[in-house]
Amino acid sequence: MKFGLAVFATDQGLTPAELARLAEDGGFESLFFPEHTHMPVERTAHFKPEGGDVPPEYARTLDPFIALTAAACATRTLRIGTGICLVSQRDPITTAKEVATLDRLSGGRFLFGVAAGWNREELLNHGTDPRRRLSVLADRIKAMRTIWAEDVASHSGPHVSFDRIQSWPKPVQSPVPILVGGSGPTVLDRILDYGTEWLPEPAPDLPDRIAEFRGRARAAGWADAPVTVYGCDPADVARYREAGAHRCVFWLPPGDAAAARERVAELRAALGLDGPSQGGRS
């Protein structure tokens, strides 16, 4: 099993380059940055089912593609990823270019974690109808895959349409790993439709759902069904390894450099990471 870190890279605390070196030097295989372009002050969507305030780092998040470029330039083997990229709020042609550029500059180390988002007002401010965010996400990902695969690309879908365009560079990886976030009832359908991997959060029924995903992937002709458990507890690693997950990602506290370094030391001890980095392309 591979181990990664996730953290809100912001204008406070460790820089993306410092976070990346901390991860790679600590023996971690990957580093993920979330995305939020802004945080509406008034909102109707609940941050959590029980409610509560949105943590301040959500409004201070650095652009993930710029931050991950800094992380890639500071490391040699560390895989760098979005955890997650809100594609439903993005222009697909521009994002396809950013993904391909980052994968090219990092030497094929990019992991494209994607989801549709939860914040109704954030979606609306980007011109996306929250009721159609899953359909928008699917159409934009399919359009992007066409741009990466074809020298002259065309796409006609319910939300994205373009005819005979050219865009380089192409990604180093073919296909680009697309880690689909979410745990809802249709998430496995979405992974099999336009993704390559699953990016769920911990849940009591996750081992059973991993088994379901692996079975459906085999039936669809997939050679593998990779699963990255996002926001894992070190105490649950053995459980998820046995269930068939291939990567566990652990959160670092944002904004406080000393706290981040202390957490990395704790994780290394708990996970037995005393050797060199697990990073690099796989």
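The values are calculated or read from the model by the stated rules, or taken from the named source; none is laboratory data. Computed from a predicted structure; not experimentally measured. Every residue, glycine among them, receives a Cβ derived from its backbone with ideal geometry; neighbour counts consider all protein chains shown.
Annotations
- Of the residues screened, Thr61 is one that is closer than 21 Å to Leu124 by Cβ and in contact with a Pro (Cβ under 9 Å, 6 or more places away or on another chain).
- Residue in segment 164-172 that is buried (at least 19 other Cβ atoms within 10 Å of the Cβ) and within 19 Å of Val114 (Cα to Cα) present: yes
- Taking the criterion of being buried (at least 23 other Cβ atoms within 10 Å of the Cβ) and either closer than 16 Å to Pro234 by Cα or among the aliphatic types (A, V, I, L, M) (or both), the residues of segment 7-21 that qualify are Val7, Ala9, Leu19, Ala20.
Per-residue answers, yes or no, for (1) over 19 Å from Phe112 (Cβ atoms); (2) touching a Gly at 6+ places or on another chain (Cβ under 8 Å); (3) surrounded by fewer than 19 Cβ atoms within 10 Å (Cβ to Cβ):
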{"site": "Gly181", "(1), (2), (3)": "no, yes, no"}
{"site": "Glu197", "(1), (2), (3)": "no, no, no"}
{"site": "Gly215", "(1), (2), (3)": "yes, no, yes"}
{"site": "Val227", "(1), (2), (3)": "no, yes, no"}
{"site": "Asp233", "(1), (2), (3)": "yes, no, yes"}
{"site": "Arg263", "(1), (2), (3)": "yes, no, yes"}
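- Answer residue from segment 157-206, given it is aliphatic (A, V, I, L, M) and touching a residue at least 60 places away in the same chain (Cβ under 8 Å) and is nearest to Gly244 (Cα to Cα) among those: Leu199
- Selection count where residues are small (Gly, Ala, Ser) and either buried (at least 18 other Cβ atoms within 10 Å of the Cβ) or under 20 Å from the mean Cα position of the chain (by Cα) (or both), scope segment 119-161: 4
- Sole residue being of a type outside the set (Gly, Ala, Ser) and part of a strand (DSSP E or B), chosen from His155, His159: His155
- If you check Leu5, Leu19, Leu14 for being modelled with pLDDT of 95 or more and assigned to a loop (DSSP other than H, G, I, E, B), only one passes: Leu14.
- Extreme residue, farthest from Ser135 (Cα to Cα), among residues of segment 173-189 that are under 15 Å from the mean Cα position of the chain (by Cα) and of a type outside the set (A, V, I, L, M): Pro177
- Meets criteria (within 14 Å of Pro92 (Cβ to Cβ) and acidic (Asp, Glu)) for Asp151: no
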